[in-house]
Amino acid sequence: MTALAVPAGSVRIHRAPPLDPPFDDELRPTTYRPARPEPHEVIPPAAVAGASPECHTAALRFLNLCLELFNGFRSPGQLRPLLRVTEANTVLDELSRSLRRLAALRQAVPSGTPRRPVRRRQLRTCEPRPGVAEVAAVLSDGRTTWSVAYRLERDTSTWRCTALLVLL
């Protein structure tokens, strides 16, 4: 490969034009305009506003128990009293799957590096109707970041998990 010697001052760089001209097949350039949502697709403001303090506390309590599970201080069976009976096996299977995946990620880390605890980075709670909480949380151990989404429903005085999904 050879380099060409160019005398100083012989190369000039021009500024780009403020707007490129339209292409030959484009007589009238169009701009993107997003479609407005239909009135029936608009989410009611009460659903987006947030959650009641009781709902948020229940969501935070359940997430803290999941963090204890991910950090090795609990077994999945200890969460059974907080799960609805009909969905308990599905939720426990999802928790076990995520624990296996987390263990595989931890084994991939070179030995000698300190193990970092899983911590909560962000928590969003929504109460679409009274007695129902939909929660999304971002978790991280400093190397890997993942999310957990779950749904809590109130049975008389106890909040129980009815659905859980871990994206790891």
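Quick notes on this one:
- Answer residue from the stretch 116-168, given it is touching a Ser or Thr at 6+ places or on another chain (Cβ under 7 Å) and of a type outside the set (A, V, I, L, M) and is nearest to SER52 (Cα to Cα) among those: GLU127
- Selected residue (only one of ARG121, ARG97, ARG116, ARG101 is open to solvent by 60 Å² or more (accessible area, probe 1.4 Å), on the phi < 0 side of the Ramachandran plot and part of a loop (DSSP other than H, G, I, E, B)): ARG116
- Complete set of residues in the stretch 100-140 that are free of Cβ contacts under 8 Å to residues at least 24 places away in the same chain and among the acidic types (Asp, Glu): GLU134
- Filtered by the rule that a residue be farther than 16 Å from LEU167 by Cα and either aromatic (Phe, Trp, Tyr) or open to solvent by 70 Å² or more (accessible area, probe 1.4 Å) (or both), the stretch 69-94 gives PHE73, ARG74, GLN78, ARG80, PRO81, VAL85, THR86, ASN89.
- The sole residue among THR162, THR86, THR57, THR145 that is at pLDDT 90 or above and touching an Asp or Glu at 6+ places or on another chain (Cβ under 7 Å) is THR162.
- Complete set of residues in the stretch 91-141 that are in contact with a Pro (Cβ under 9 Å, 6 or more places away or on another chain) and closer than 15 Å to ASN71 by Cβ: LEU95, LEU99, ASP141
The values are calculated or read from the model by the stated rules, or taken from the named source; none is laboratory data. Treat the numbers as computed from the prediction; the structure is a model and nothing was measured. In this analysis, Cβ positions are derived from the backbone assuming ideal geometry, glycine residues included, and neighbour counts consider all displayed protein chains. Remember, those area values only see protein heavy atoms, side chains included, never the ligands or the DNA or RNA. Shrake-Rupley method; radii C 1.70, N 1.55, O 1.52, S 1.80 Å.
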